[in-house]
Amino acid sequence: MARWSNVETLVTLDEDGDAQPLLATAWQQVDDTTWRFTVRQGVQFHDGQALTAAAVVGSLTAAASASPPPRILDGVGLTAEVDPAAPDEAVLVRTTGADPLLPQRLSSPQLAIMSPAAYSTDGSGTTVVDPVRHATGPFVLTAVNGTSSATLDRFDGYWGQKAAAAGIDAAFVPDGTARAAALRTGTADLVEAVPAGQASLLDPALLHEVKMPRTNTLYLNTSRGAFADPAVRAAARAAIDPQKIVDTVYEGRADAAQGLLGPALPWTADRPQRTPVAAPAGAATGRTITIGTFTDRAELPEVAVQLQAQLEAAGFTVRQDVREYAQIEADALAGTFDAFILSRATVLDSGDPVAYLASDFSCEGSFNISQFCDPGVDAAIAEASATPAGPERRAAVLAAEKLILDADAAVPMLHERVLQGEQPGVADAARDPRERALVTTRTTVGATAS
């Protein structure tokens, strides 16, 4: 719904991940755990009701009360109330602990603001949300046909710039080959996530690559086995040729990694110079390692084959363990493997990578496949987490990334791209690394803007 410009949130994110006004025109931190958001005036829901502070509170409360809650609110303890000092124009949003990233959290499409009429309760007391004609965006959702399709029309009562297109007919097509066929035959104007394996069958002019905040990384087990030795980790890092993997497995449709965070986050270009440990000669010789990965992402077993060849050329003896993700995740988290190949999203719904760094590389991280624990890294991640959004937070993130990379806790190999299909007549479709926008108010199809 966000990608169709149907639902809107209190704030949106710019290219750097900084919060910008949307349904809220301003915000300020009242104290460590309280923020005040000023609600935009003159906004109308698609059902004709006016956007009010009470409606905002209703939507946020429904989301926070959901079971399970949206992952963006996991552990946040969010509550919202109308500001008693300005009941017609402001809301107070509170969290159980200090959260300098709250405005960014409220940009998540999971926290879209809906009309009070969207919410009802079923016989079991569970809140049910009806999305049809209950949002605020430039396109109004008029029909949802199960899991097959949806229809949207331009909303002429929109508070901002009116949509150029008259409407959207959306089809849900889970099969990638069928999506590619729809692009090839011209039955679809816009196609999301065209499989790379179909690219050679399509006119290159129809395909547009979008850099994603997703990194294919080799996590090294730092607590036991061969890679408990920093010198051996350095030898593995020195043996890996990411560009060859990009060229062979991804057919050039990826970016060789410069760090854990990639070009989908433009500010990562300012990362500090690394000081990696040099690999002593012969450090890999005679070392036997087991690399794990999974089949759910078709390219990962191919990456494992390439890595095996590169590491064996450096002197390692390599074994592979490749299974479905559901069957291998527990072993990966338990440190069963010497190394593990994973395609990992590096920013979550807040558009911020601190949660990823904490999850994967802090001592108590819930997804610490590398079994990595370094007090200095923990302190750097904690500092980044406590720093308000903006340039200083980004600098703190890059400082933490540097410490992780210098320790060779993981070897980032490449940053993925997604292929978006667009017919020649399509103009101004969004190519969004966060996958939040697709059809905007400026998007048109041919001269008819239909």
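The values are calculated or read from the model by the stated rules, or taken from the named source; none is laboratory data. Since the model is a prediction, treat every value here as computed from it, not as a measurement. Glycine gets a Cβ as well: all are built from the backbone with ideal geometry, and neighbour counts include every protein chain shown. Areas reflect the complete protein model, heavy atoms only, side chains present, ligands, DNA and RNA absent. Shrake-Rupley method; radii C 1.70, N 1.55, O 1.52, S 1.80 Å.
Here are the numbers for this structure:
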quantity: Cut-off 20 Å, label 7 Å out along Cα→Cβ of ALA298, residues of the stretch 417-436 by amide N; calculated: 417-422
quantity: Rounded Å value of the spacing that divides the Cα centres of the stretch 382-442 and the stretch 13-43; calculated: 21
quantity: Dipole of the stretch 300-422 [Lys/Arg +1, Asp/Glu -1 at C-beta], most positive-end residue of THR317, LEU398, ALA330; calculated: LEU398
quantity: Net lengthening on full extension, SER366/SER124 (0.36 nm per residue, minus Cα-Cα); calculated: 83.8 nm
quantity: In degrees, nearest ten, helix 375-386 long axis to first principal axis of the chain (Cα); calculated: 10
quantity: Principal semi-axes in Å for the stretch 352-424 [√(5λ), Cα gyration tensor, largest first]; calculated: 26, 17, 11
quantity: Potential extension, ALA313-ARG71 segment - 0.36 nm per residue separation minus Cα distance; calculated: 82.9 nm
quantity: Charged-residue dipole, Cβ positions (Lys, Arg, Asp, Glu), the chain about Cα centre, Debye nearest 20; calculated: 480
quantity: Size of charge dipole - the stretch 386-433 - debye, nearest 20, with Cβ of Lys, Arg +1 and Asp, Glu -1, no other charges; calculated: 100
quantity: Ratio of Rg to Rh over the stretch 236-296 (Cα coordinates, Kirkwood Rh, two decimals); calculated: 1.02
quantity: Square roots of five times the Cα gyration tensor eigenvalues for the stretch 145-202, Å; calculated: 28, 14, 9
quantity: Rotationally averaged projected area of the stretch 241-359 (alpha carbon convex hull; nm²); calculated: 8.8
quantity: On Cα atoms only, tilt of 391-406 relative to the major axis of the chain in degrees; calculated: 30
quantity: Most to least accessible of GLU192, GLU401, GLU299, GLU392 (protein chains only, probe 1.4 Å); calculated: GLU392, GLU192, GLU299, GLU401
quantity: Area accessible to solvent at CYS363, 1.4 Å probe radius, in Å²; calculated: 40
quantity: Rounded if a/c under 1.5, otherwise prolate or oblate - the stretch 1-114, Cα gyration tensor axes; calculated: rounded
quantity: Sequence-distant aspartates and glutamates (8 or more away, or on other chains) whose Cα lies within less than 20 Å of LYS162; calculated: GLU8, ASP47, ASP153, ASP428
quantity: Nearest-10 value in Å² for the accessible area of SER149, using the 1.4 Å probe; calculated: 30
quantity: Beta bridges by DSSP in the chain, antiparallel share as percent, to the nearest 5; calculated: 85
quantity: Max mean-square fluctuation residue, GNM over the chain, Cα-Cα springs under 10 Å, options ALA332, ALA409, ALA279; calculated: ALA279
quantity: Nearest 10 degrees, 0 to 90: helix 176-185 Cα axis against the chain principal axis; calculated: 60
quantity: VAL305 - accessible surface, heavy atoms, 1.4 Å probe, Å² rounded to 10; calculated: 90
quantity: Cα-based equivalent ellipsoid, the chain: semi-axes from gyration tensor eigenvalues, Å; calculated: 41, 28, 18
quantity: Share of pairwise Cα separations in the stretch 194-280, more than 21 Å, in percent; calculated: 48
quantity: Principal axes of the stretch 95-196: Cα extent on each, largest first, Å; calculated: 51, 38, 32
quantity: Estimated 222 nm signal from helices in the chain, with DSSP H stretches of n ≥ 4 weighted -39500 (n - 2.57), rounded to 500; calculated: -7000 deg cm²/dmol
